[in-house]
Structure formats: C-alpha cells, structure tokens
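The values are calculated or read from the model by the stated rules, or taken from the named source; none is laboratory data. Please read these numbers as outputs of a predicted model, since none were measured by experiment. Because the Cβ atoms are built from the backbone with ideal geometry, glycine has one as well, and the counts that use them run over all protein chains shown. Note: accessible area is taken over every heavy atom of the protein model, side chains too, but ligands, DNA and RNA are not part of it. Shrake-Rupley method; radii C 1.70, N 1.55, O 1.52, S 1.80 Å.
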Amino acid sequence: MFSFLVFMADFEGNNRETLEDDFCLLEDSDLEGDVDERFYELPILSPKAKAKIPVDYNKALKYVDRKEAGLEDVLRDHALHLLPAKTLFRFKTVSRRWDHWISSPLFAHRQTTYFKNVSGLFCQVADHSPSFISFNQDAYGMPDPSLSFFPEPVKVRSSCNGLVCCQGIEDDTYYICSPVTKEWKKLPRPNLYHGAKAAVVLAFEPYVLNFNESYELVCAVTFPDYPVVYFEIYSSRSSSWRVSDTICYELDGSGLHDGGYYMKGVVYWESSSGVILAFGLRDEQYGFLPLPANDEEYGNGALAMKHGELCYIQPRYQDNVCTINIHGNMDMSLKSVINLPYDAGSTFGVCRALGFINGDILILGLGTRVVSYHVKEQKVELISQHEGGACKRYIPYVNSLVSLRHPLIRDKGLIV
C-alpha cells in the first residue's frame, strides 16, 4: 500500500511542495554523509510501518526540493502511464532510460490501472482465426492479432482491462492471455460441463494501491431441460475452479447469451426471458434487471458503460433508419434516443450495438461494417469492413501492458 517518491540528489535551492503526491525531489545538502548523484526510490508507508524503519529514512522525507523537474521527468511521471501499449513500445526506443522505465513491472501496473480506454474489438468470422479491429492504427495494436501463439486454434470469449479469455476450438479448453506480451496460461478443466457456447465472463480490475491483483473467470452454467443456473468461478489466486453455493432457480438458463458483461464487481448476462441476470463476485448473490423489450431485434442490443454507469444500448431499425435507445438506472428506463443519419441504415444494413467509448462515441455493427457515431458532432465514420462476412460477436479490448508474469498479479499456474 504505497506509491513511489523519486528523490534527486543534485539540486540546489529552497524546499518546495511536490508536483504530485507520487513524486518529489530531495537535496543532497539535506542529507548527512555522502550521497550518490542518482535517483533514489523510497516508498511512502503508513505511520505504523514508518516506525519500524531507520531514522534517516524518516528524516529524508522531511526535506523536499522545490526545483521544477525537467520535461523528461514530467513526461515519465505524469504522461507515460496514460498511453496505450503500442505507443509505449515505440517509446522504449527513445533511450535506455525510457526502455527501463516502461519495462518496469511497477510501471506496467500503473499503466494497466490508469489506461482504460477501449482500444478496439476482437472479432471472428466462422472458420477463421480471430482478428483485431483497432480504433486507431497508430496508437492501438498488438504483435499477433490472430493470436496464433496458442497451441491450438481458439476463439475469443471475453476480455477485461487487457487480459483476454479464449477457448480452444478442438476441446473447449480455456486460456487466459495478454495479447501485448503473448503470454498465455491454460486453465484446468472445470468441474461442470460448459460446452462451446458457455456464458463465460472474464473479470480483472486493477487498482492503484492494490498490488495483489488477481483475475476471475465466471461461467453461468446451464443444463438442457433444467430451469436452473449454476455459477462456476475460476480464480487465479488458487488456480482452480469452484462451484458457488448460490444457485438460480428463477430463470430458464437455456436463453442466456453465450457472452456477458463485467463492471464494478458484477457480471451481467442478457437472457431471452426478458431480464438481465446479475451476479456479484463479492457476496456471490444474484439478482435481475429488466431487459428492454427488443421484439425481433433480440440479440442486437448490448450492455455497456456510459459515463461510469451501466446502460443498455438498444437499436431500432425500420425503413432503413436506425434509432438507438439508451436505457439506464436499475429499472433500465429510457434515458435518451439517438437518431442516426438516414443514409447510415440504407448504406450499411442491419444495426447492432457494440458499445460506447469515451462516453459519447457509439460503436455500431452495420452489416459487415463497424462504424463509430460521434453523438455530439452527429457524424458517422467507417472503422472497418469484413470481406468474409459479418462477425457474430465483437469483444472490446483495452490495449494495456498487463503481463501474466507480472509479480504483482497472483497466479499460481504455469505461464507460457
């Protein structure tokens, strides 16, 4: 539970306040004895922890140089962690120091914590390898968008804050990977039968001051002819599956979507029964939210986050005109209506909601094309077009530096 302070030992001048809570400067004249002219990294600890460390350390924390940092320091301390992984890999070539900073596990943790922008979509056409649709080719990307580093062909099932869950096409084996580092882990067999279309969701939520990170894979397991839903959870802390004691008896599980949505500790699944099934990971309790009536457009809507709140994006397509209804709150009431330009529907085809990015940019699937609609500017832009046909599912992806080998991520299993 600490953040790092950087102390510089070659400045002169009066003491001044830190530029930010994370960083400050220290004069060598304020220290007793000889001090090397180099960076010192010391943690800010709790008062109880400070009492157990040498007096010189506590003394050093009292003296803060007020000299302004150089541009390189400002970029390192205040900007780099806000950038996507592809851009950061380019910046590693600036100098050895930059390569050292960006390669640091602590920097990777910080970037993963702060960079949360949806960077693109994984998609997969039938009988094809996965592909990645980048929202910005210059900024967002990965070494191998087809994920060919796995030992077998896979399909992408879920993604969360840079980690991706895939499932083997041959035997339904689950894999967790970081596309940026190409590290992957094969998960053990679950206790229950999931099948190729399991309603599985990956949950990974890093925090600034939580270095004991872990991820979970949650599956709503259903059985034919039985109106019951079990919840089976894989945890990287134990590297094992377990079946939750909580069982849902009120829902016909045969109508659950094979995908789901994770947000703020809760997993959500759409169902054909007219409700959204919600499952909390902390207390492992479930509940229901009303699903807006979708009529024949069932399956074309999407759960998403807009300005930090859960919402449901519901497309309405009629007479070549696509209208987007945004529902929110616990009752999923209608919050706003977005009218797309007339030519969007007639030009591209059937409308599917894919999500929001940056709060006011709507991502839509129109036929074989993926487009963005800028709500404020009322402008439609083509992002990508598939020649081999339309994708059945699009998986949002965040271009982070998260690593499965990261010492701050708890995972007892074998990482390849």
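Do we find that residue 283 is assigned by the TED database to the domain that holds residue 189, within 26 Å of the chain's Cα centre (by Cα), part of a loop (DSSP other than H, G, I, E, B) and farther than 27 Å from residue 317 by Cα in this structure? In short, yes.
Of the residues making up region 118-128, those that are of a type outside the set (Asp, Glu) and surrounded by fewer than 16 Cβ atoms within 10 Å (Cβ to Cβ) number 2.
Looking only at residues in region 87-117 that are more than 30 Å from residue 359 (Cα to Cα) and of a type in the set (Val, Ile, Thr), the one that is least open to solvent (accessible area, probe 1.4 Å) is 94. Taken together, 243, 228, 267 contain a single residue that is open to solvent by 20 Å² or more (accessible area, probe 1.4 Å) and among the hydrophobic types (A, V, I, L, M, F, W, C), which is 243. Considering only residues in region 299-316 that are touching a residue at least 24 places away in the same chain (Cβ under 8 Å) and not in a strand (DSSP E or B), the one that is nearest to residue 330 (Cα to Cα) turns out to be 307.
Report yes if residue 323 is closer than 26 Å to residue 123 by Cα and modelled with pLDDT of 85 or more, otherwise no.
For residue 323, the condition - closer than 26 Å to residue 123 by Cα and modelled with pLDDT of 85 or more - is met.
Of the residues that make up region 177-190, is at least one assigned by the TED database to the domain that holds residue 88, open to solvent by less than 30 Å² (accessible area, probe 1.4 Å) and more than 27 Å from residue 266 (Cβ to Cβ)? Yes - at least one qualifying residue is present in region 177-190.
Applying the condition of being outside any strand (DSSP E or B) and open to solvent by 10 Å² or more (accessible area, probe 1.4 Å) to region 215-225 and asking which residue is farthest from residue 197 (Cα to Cα) yields 225.
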